[in-house]
């Protein structure tokens, strides 16, 4: 079988809400990934309904529906069909136009089941019996409470019985079931060709832009059910058995069913237990609309039941139906044997080194720290899912950072010292009175802060922040004395360099002026001698 409940990892925020609400803890969180453990899952759909990020979805089979359209097929509609759709009889017409040759109410199969329930209960001579119309119930028994198997009524679900009935009496055509339940997709694997939820049919109608209101009304095919149209309502099964309220018990919700199973031997004999995973019955299934109240859905069922009583046609006579609807339930419980020392080792790793530290707060999703430790060993959970473990881990890391921080860390409140880290203790050794002065200076807003200790100057850069809930303030004193001294030395060097450069420039200017003066006198004398020499040459040429 393909995976039925799927995790959309991109949406999962690891809030553990699914695990906290899963009645059998069939969720694995491992290496940052979340998934449903198929072998442990009872398919109640709780994780789908409660996920705030819509990270859990069930497998949709609507694409397979196209294979049957315009070809003969049979349709079994769950009785809650009439609570979900505003125009149920028009939807029936749509199904006929898509190719359905026969459309019947699954309630017919429920009548057959109730007929066998009644006979079997009478044969048991007052022994307690548990209904098995809800697949979540028998999944829970087989996987977790096999000791309850003798109490289960050994019959197929109404959906599967109706599928067998339709194929036997209307021809071996594909059977498509429409219902409000996710678990039915697994329950009908060997009997029903295609199982669609009401939500899936809604999506098909919307995707294909089908105007349901444009169709005429039509009704299911006969034979009609006798009494089982109210099967999906609390107490509906009992009403088909002529049961009395003295020995009849309705149990709804997986957690409540688990409580019954855990104490089944203390209840005594003679009870008929009508068990349903969904509060209010199937009309509150995981794949039925949620915009209607439970009371409104119940009202719709009763209203349509009254209306269909007037339909003309044969009513099912279960005594004349020749079907083998018996089934066996087999234990599937996993036997887990984990050494006690291994459990204690994981508890110690999570900081639960004594029973007082086992808070059993349930924040991780497990009822006890011991259950969580076992889940860690089985690879279903991670130690980091424990909030107290994670806080201790973060706290220890934070403390290690502060304890080894190479600067002074002061925590104070109302000018009183609360904490001084080891680096600060070493710095202020035998000088604790100085801390009061420093805290006052910090509070005054002085930054950087300069102090002298034993004729040695220190300069600190101050960084402060407030602790939550006005529990104090934290001040980090970062020593920048070396940087300041280097800065001052650099400034002095810069000043001295500027003075030297200015002196050199002045000297060079004086020298240049002297050179220019001397050079000017030399040129004048040379020019004078050259003029005389030129006159002399002219005279010599004249004599020639």
Per-region count, segment 57-76, residues assigned to a helix (DSSP H, G or I) and surrounded by fewer than 16 Cβ atoms within 10 Å (Cβ to Cβ): 2
Condition check for residue 54: at positive phi and either crowded, with 20+ Cβ neighbours inside 10 Å or not assigned by TED's automatic domain parsing to the domain that holds residue 192 (or both): yes
Check on residue 232, under 32 Å from the mean Cα position of the chain (by Cα), surrounded by 16 or more Cβ atoms within 10 Å (Cβ to Cβ), in the same structural domain as residue 81 (by TED's automatic domain parsing) and in a loop (DSSP other than H, G, I, E, B): yes
Candidates 381, 373, filtered to the one that is under 27 Å from the mean Cα position of the chain (by Cα), part of a loop (DSSP other than H, G, I, E, B) and modelled with pLDDT of 85 or more: 381
Test: residue in segment 184-193 that is touching a strand residue (DSSP E or B) at 6+ places or on another chain (Cβ under 6 Å) and modelled with pLDDT under 95: no
Some residue of segment 263-271 being in a strand (DSSP E or B) and either buried (at least 21 other Cβ atoms within 10 Å of the Cβ) or assigned by TED's automatic domain parsing to the domain that holds residue 150 (or both): no
Number of the exception - residue 29 against (1) surrounded by 16 or more Cβ atoms within 10 Å (Cβ to Cβ); (2) in contact (Cβ under 8 Å) with a residue 40 or more places away in the chain; (3) closer than 24 Å to residue 278 by Cα: (3)
Options 342, 259; residue that is within 24 Å of residue 24 (Cβ to Cβ), modelled with pLDDT of 95 or more and surrounded by fewer than 14 Cβ atoms within 10 Å (Cβ to Cβ): 259
Failed condition for residue 64, given (1) in the same structural domain as residue 138 (by TED's automatic domain parsing); (2) within 14 Å of residue 199 (Cβ to Cβ): (2)
Any hit, segment 445-460, residues being closer than 30 Å to residue 350 by Cβ and out of contact with any helix residue (DSSP H, G or I) (no Cβ under 6 Å at 6 or more places or on another chain): no
Pair list, Cβ under 8 Å, 6 or more apart: segment 193-208 residue over 16 Å from residue 81 (Cβ atoms), other residue part of a strand (DSSP E or B) and modelled with pLDDT of 95 or more: 193/73; 193/175; 193/176
Lone qualifier among 297, 309, 334, 383 - being assigned by TED's automatic domain parsing to the domain that holds residue 113, out of contact with any strand residue (DSSP E or B) (no Cβ under 7 Å at 6 or more places or on another chain) and touching a residue at least 24 places away in the same chain (Cβ under 8 Å): 297
Residue match in segment 296-308 (condition: assigned to a loop (DSSP other than H, G, I, E, B) and either closer than 21 Å to residue 230 by Cα or at pLDDT 95 or above (or both)): no
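The values are calculated or read from the model by the stated rules, or taken from the named source; none is laboratory data. As the structure is a prediction and not an experimental result, all values here were calculated from the model. Every residue, glycine as well, gets a Cβ built from its backbone with ideal geometry; the counts of neighbours run over all protein chains shown.
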